[in-house]
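The structure appears below as structure tokens.
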Amino acid sequence: MPELDKTYLPAEVEPRWYQRWLDDKCFEADPSRVSEKRPAYSIVIPPPNVTGILTLGHVLNNTIQDILARRARMQGKEVLWLPGTDHAGIATQNVVEKTLKKQGVIKHRDDLGREGLVAKIWEWKEKHGGIIIEQLKKLGASCDWSRERFTFDDDYNACVMRVFVDLYQKGLIYRGKRMVNWCPSSLTALSDEEVVMKAQNAIMYHFKVEVVEEPGTWLEIATTRPEVIPGDTAIAVNPKDERYAHLIGKNVRRPLPVENQALLPIVADEHVDFTFGTGVLKVTPAHDKADFEIGQRHDLPVIDVMHPNGTLNELAGKDLAGMERFAARKRAAELLAEIGSLVKEEPYQNNLGYSERADVPIESRLSEQWFLKYPSVKESQDVVANGEMKFHPDRWAKVYDHWMTGLQDWCISRQVWWGHRIPVWYRGEETYCGIDAPKGEGWEQDPDVLDTWFSSWLWPFATMGWPEKTSTLKAFYPTTDLVTGPDIIFFWVARMIMAGFEWMGELPFKNVYFTGIIRDKQGRKMSKSLGNSPDPLELIASYSADALRFGIMRSAPLGQDICFDEKNVELGRNFCTKLWNAARFRQMQGGATETEIDPALLSSDDKWILLRLNTAIDEVSAALDEYRFSDATASLYRFFWSEYCDWYVEASKAVLQGSDEKRKANTLAVIDFVLGQTLRLFHPFLPFITEELWHGMGFNQDMPENQGGNSLMFAPWPKPLDADELAHFGLLPEDEKAANDKYETVVLGRGLKSTFNINKKVRFVLQPNQELPAHEVEVLRLLLNAEPLEVDAAFTPTKGTPSALTPLGTIFLPLDGLIDVEAERARVGKELAKAEAELEKVAAKLADTNFTSKVPQKVLDEHQQRKTDWQEKLAKLREMLAALG
RNA sequence: GCACGGAUAGCUCAGCGGUAGAGCGUCUGUCUUACACACAGAUGGUCGGGGGUUCGAAUCCCUCUCCGUGCACCA
């Protein structure tokens, strides 16, 4: 066995193993290996933005995927974890444009023109685009990098084109002039999903207009947007509103622009809520979705008073033209005041749509865009509702169902340049849609590109060679699990399901695991602007990738947001150190790996740890089956640290420090068995250190090449001992109790020492209530740090000797006058008081016939037993108190 | 406004009808030859408020409050 370094050096170990895995092609999936005996397991990565850098969100998400993939490999499955990046249309173009502007290369995108800018972005992508991929490798992600895809690759682009044309021919894609969400910052249309509502402190302006036909009759109108008054083309009231019904059909004079106070008709529309505001609504069809619809119903003209970038245009009048929209709002209010129209201004809270990406208020704007009626809606909705596709946690199924029920057509065109160009050409009145440009002269391609998500929704199959019926698709589609954040359930998950049914005729994945959202200690979302998002790479540098993985898994309960605390990463690091040192301890005992366990030589401690290992294997396996990652880490942590290190290793020293070579070898065999199983259990969580130890301890040596001989990655996932094996080792459930009783005795003995502030080796006397084999006594002595431990059934303590009741008998700490009798009396008194209180509680319950007559026998027995236990304890405590004099 | 999730020890969370738990933190000891990134011991909670069901409620039901999220949205 080679010697392990005194300290673990992850900075050296982690890159070394990652390179080795790559060299050995450990991550590469081969569809030809898939068979009944070797089922496929597949995940497609949620492709990070190509411009992105690793965040804690990515760490969480990808660690989970890696755990699932690595465990599947250990379960003997053929695993494909397919990686790649997203071209992220608007986001990437913004980033590159900004950078170019900063560098002084351009002042405006028009300086380069469409082709020039796209070329620059490609250049930029080639140079900086792969950063996040390299970062994922640092984390240990076991993706099949030979299959890395990019949503803007030529092949992928072909898939997108094909899908567009297909939908166009099916009549599901259409072009139309509609009210859309317009981002005045990015200068493009957005889908409804890209708009987030935010609460605003606004001002409600009340102004009045005179009814032309009835001089002296004034209508008061409330608005938050006086700057678009020049775009008003009617006034609407509810026909059922008695206050105004008689005015319908008459006219008012629009106050702005001052130089063009047009006449506006008063129309009747049911949409107007007469309990809101003044009950009179100004109708601005060009700048509000609801108003646009009213306009359509009443055949009103549409006056667009705004430029695409949010400044007011000439139609807004000389006073407002050229002004930025918020400045224009103030100015418009001033103008209303100047002409005596303004009645009042009052503070008002409302919700406003913001562009998710640019974080500016969007404008509703009439424009010519492409829309999609979603395909395969019913299958997609049903597959989740009937449980064929499972969401974890399943409450997201309801959210999904709700969205699927109220689907609105998807605005898929974007007025940017970085993206898949819409495959439609125009020549005069002619329109052509096809994958390739039409033949003939004079055709012009539609200038718009497609929403990024219009390519992402094809990810599960477009990455596997679709539309060809590739062996990869046959073997790995549908994928097994999808791991993603709930924030993109509509953007991505729902749309992938629909695409899956539409083009593959099948669901794209069987399970969706939704991670929580990472928050800081104060419960705030991680964000760049708050500066509360730690850099994962710095965390890796100071704690190791394994530590980061463990720390984040430990704090990620199913279905809840994650409260990130660097302490957890520190704890992960400490855990790795513990693992390392436990392995070193084994090595210091010398000898080769022991593989044969002799059942006849097993101590109670050996049996105990083997049974605890069984439990741990069960718990971890069950937790992983149910995506309860934090539970899995908790089980591992408890088993290895509290049970194996704190109890078993310490107890085993009784044998290891002895002279019985046979028993020593047997103990080492148990240790080697437990450590080997432990490394396997830990591998999905801590791939690097476990691989290093697997080889460092020589556990790989007697494994078949492809089942752990070469890499722990392919060692079989541990199975608990079955009934036959348990019988072979003579392991019975009560064996756990034997060791537990011993350990409890130790705890009580240590308690005595601590109470009396003894921190040296000291004499203990145990008055046993059963026969104790020498081994047990030796373990007790060692763990109590007793010198000596006397076992004496006839022991008569001197007055005032501290003692404790243990499952193995009474343990005494004879201190020969050293103790403070008063303190000991207080201590025993306290325990006695507790026993009395508990006894009283149980006794009271048992005395209540209401209780005894209605309770099941089992509960009754439990209470009876508890009563007897407390009674006995109480009696002994009274004796102890009496002995103190 | 509608829906969902959460409120348990200082912190993060488990328990989801039968004696309130874990880890971390805090405090006190200890360099006990694997590990001070450690070991040992201790401290700490009327389980958000109110009501109900039950022999018995942290756990089930109703209601309120607060935090978070999604959807809808009226100028």
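Of note:
- Looking only at region A:476-499, and only at residues there that are touching an Asp or Glu at 6+ places or on another chain (Cβ under 9 Å) and closer than 17 Å to A:C143 by Cα, the one that is nearest to RNA strand B (Cβ to nearest atom): A:Y477
- Here the condition is being basic (K, R), within 15 Å of RNA strand B (Cβ to nearest atom) and in a loop (DSSP other than H, G, I, E, B); of A:R329, A:R297, A:R243, it holds for A:R243 alone.
- Candidates A:P768, A:P814, filtered to the one that is surrounded by 16 or more Cβ atoms within 10 Å (Cβ to Cβ), at pLDDT 85 or above, within 28 Å of A:Q864 (Cα to Cα) and not charged (D, E, K, R): A:P768
- Selection of region A:190-233 for residues being more than 50 Å from the chain's Cα centre (by Cα) and among the basic types (K, R) yields only A:K208.
- Any pair with Cβ under 6 angstrom, 6 or more apart, that starts in region A:559-582 at a residue that is farther than 21 Å from A:T678 by Cβ and ends at one that is part of a strand (DSSP E or B) and more than 6 Å from RNA strand B (Cβ to nearest atom): A:D561/A:R519; A:I562/A:I518; A:C563/A:R519; A:F564/A:I518
- Among all positions in region A:404-411, there is at least one residue which is free of Cβ contacts under 8 Å to residues at least 12 places away in the same chain and part of a loop (DSSP other than H, G, I, E, B).
- Residue satisfying all of: in region A:652-690; of a type in the set (G, A, S) and in contact with a Ser or Thr (Cβ under 9 Å, 6 or more places away or on another chain); nearest to A:L139 (Cα to Cα) among these: A:G676
Condition check ((1) near RNA strand B (Cβ under 8 Å from one of its atoms); (2) within 24 Å of A:G829 (Cα to Cα); (3) without any contact (Cβ under 8 Å) to a residue 24 or more places away in the chain) across all residues:
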| residue | (1), (2), (3) |
| --- | --- |
| A:A844 | no, yes, yes |
| A:A847 | no, no, yes |
| A:K854 | yes, no, yes |
| A:Q857 | no, no, yes |
| A:R866 | yes, yes, no |
| A:E872 | no, yes, yes |
| A:K876 | no, yes, no |
| A:A882 | no, yes, yes |
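- Residues that are buried (at least 23 other Cβ atoms within 10 Å of the Cβ) and either more than 14 Å from RNA strand B (Cβ to nearest atom) or under 17 Å from A:A11 (Cα atoms) (or both), drawn from region A:544-570: A:S544, A:A545, A:D546, A:A547, A:L548, A:R549, A:F550, A:V569
- Residue match in region A:121-139 (condition: acidic (D, E), more than 23 Å from A:Y156 (Cβ to Cβ) and in a helix (DSSP H, G or I)): no
- Taken over region A:351-389, the criterion of being outside any loop (DSSP other than H, G, I, E, B), under 24 Å from the mean Cα position of the chain (by Cα) and away from RNA strand B (no atom under 16 Å from the Cβ) is satisfied by A:S380, A:V383.
- Of the criteria (1) farther than 30 Å from A:M306 by Cα; (2) touching a helix residue (DSSP H, G or I) at 6+ places or on another chain (Cβ under 8 Å); (3) not aromatic (F, W, Y), which one A:L366 fails: (1)
- Against the numbered list (1) within 20 Å of A:S364 (Cβ to Cβ); (2) of a type in the set (S, T, Y); (3) near RNA strand B (Cβ under 10 Å from one of its atoms), A:T233 comes up short only at (3).
- Region A:466-495 residues that are without any contact (Cβ under 8 Å) to a residue 12 or more places away in the chain, paired with ones that are surrounded by fewer than 22 Cβ atoms within 10 Å (Cβ to Cβ) (beta carbon under 7 Å, 6 or more apart): none
- Meets criteria (within 11 Å of RNA strand B (Cβ to nearest atom), closer than 30 Å to A:E97 by Cβ, surrounded by fewer than 17 Cβ atoms within 10 Å (Cβ to Cβ) and touching a residue at least 60 places away in the same chain (Cβ under 8 Å)) for A:K198: yes
- Scope region A:69-102; condition assigned to a helix (DSSP H, G or I) and closer than 21 Å to A:K474 by Cα; matching residues: A:A69, A:A72, A:R73
- Some residue of region A:174-187 being within 13 Å of RNA strand B (Cβ to nearest atom) and either assigned to a loop (DSSP other than H, G, I, E, B) or touching a residue at least 12 places away in the same chain (Cβ under 8 Å) (or both): yes
- Flag for A:P285 being more than 14 Å from RNA strand B (Cβ to nearest atom), closer than 25 Å to A:G317 by Cα and buried (at least 16 other Cβ atoms within 10 Å of the Cβ): no
- Selection of first residues in region A:676-694 that are over 15 Å from A:E14 (Cβ atoms) and of second residues that are modelled with pLDDT of 95 or more and charged (D, E, K, R), restricted to Cβ pairs under 7 Å at least 6 apart or on distinct chains, gives the following pairs, ordered by first then second residue: A:P684/A:R70; A:P684/A:R71.
- Hey, A:K653 in a helix (DSSP H, G or I) and more than 16 Å from RNA strand B (Cβ to nearest atom) or not: no
- Whenever a residue of region A:752-766 is without any contact (Cβ under 8 Å) to a residue 60 or more places away in the chain, its partners that are near RNA strand B (Cβ under 8 Å from one of its atoms), lying with C-beta atoms within less than 7 angstrom and at least six residues away or across chains, give the pairs A:K761/A:N785; A:V762/A:K753.
- Qualifying residue in region A:290-309 (condition: acidic (D, E), at positive phi, more than 44 Å from the chain's Cα centre (by Cα) and loosely packed, with under 13 Cβ neighbours inside 10 Å): yes
- You will find that of A:L789, A:L860, A:L846, A:L805, the residue that is within 52 Å of the chain's Cα centre (by Cα) and closer than 21 Å to A:Q770 by Cα is A:L805 and no other.
- When A:W410 is tested against (1) within 16 Å of RNA strand B (Cβ to nearest atom); (2) under 23 Å from the mean Cα position of the chain (by Cα); (3) aromatic (F, W, Y), only condition (2) is not met.
- For region A:269-282, a tally of residues being assigned to a loop (DSSP other than H, G, I, E, B) and more than 6 Å from RNA strand B (Cβ to nearest atom) returns 6.
The values are calculated or read from the model by the stated rules, or taken from the named source; none is laboratory data. Everything numeric in this text was worked out from a predicted model, so none of it was measured. In this analysis, Cβ positions are derived from the backbone assuming ideal geometry, glycine residues included, and neighbour counts consider all displayed protein chains.
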